[in-house]
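Nothing in this text is a laboratory measurement; each read-out follows from the coordinates by a stated rule. Being a predicted model, the structure only gives us computed values, none of them experimental. Neighbour counts run over all protein chains shown; Cβ positions are idealised from the backbone, glycine included.
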Amino acid sequence: MHQPFSPHETSIRDAIARLCARFDDAYWLDRDCTGRFPEDFFQAFAASG
């Protein structure tokens with residue numbers, strides 16, 4: 001049985017979706033191809049709390 005998300009859980013999900021939307025497939029493909037650490041994503045994730 002599926003339990004609906006609480007308002008708090010929904011706000012967390014939405015915040016993560018907004019953060020991830022800033023980093024498109026091209027960003028991740030570049031990191032995969034070059035082997036570079038996703039520093040921009042890491043910094044944005046850390047700054048978002």
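Here are some notes:
- Neighbours by Cβ (under 8 Å, 6+ apart or cross-chain): first from the range 10-26, closer than 12 Å to residue 45 by Cα; second among the aliphatic types (A, V, I, L, M) and in a helix (DSSP H, G or I): 19/44; 22/44; 23/44
- Condition check for residue 25: charged (D, E, K, R) and surrounded by fewer than 10 Cβ atoms within 10 Å (Cβ to Cβ): yes
- Every residue from the range 37-49 that is surrounded by 10 or more Cβ atoms within 10 Å (Cβ to Cβ) and either aromatic (Phe, Trp, Tyr) or in a loop (DSSP other than H, G, I, E, B) (or both): 38, 41, 42, 45, 48
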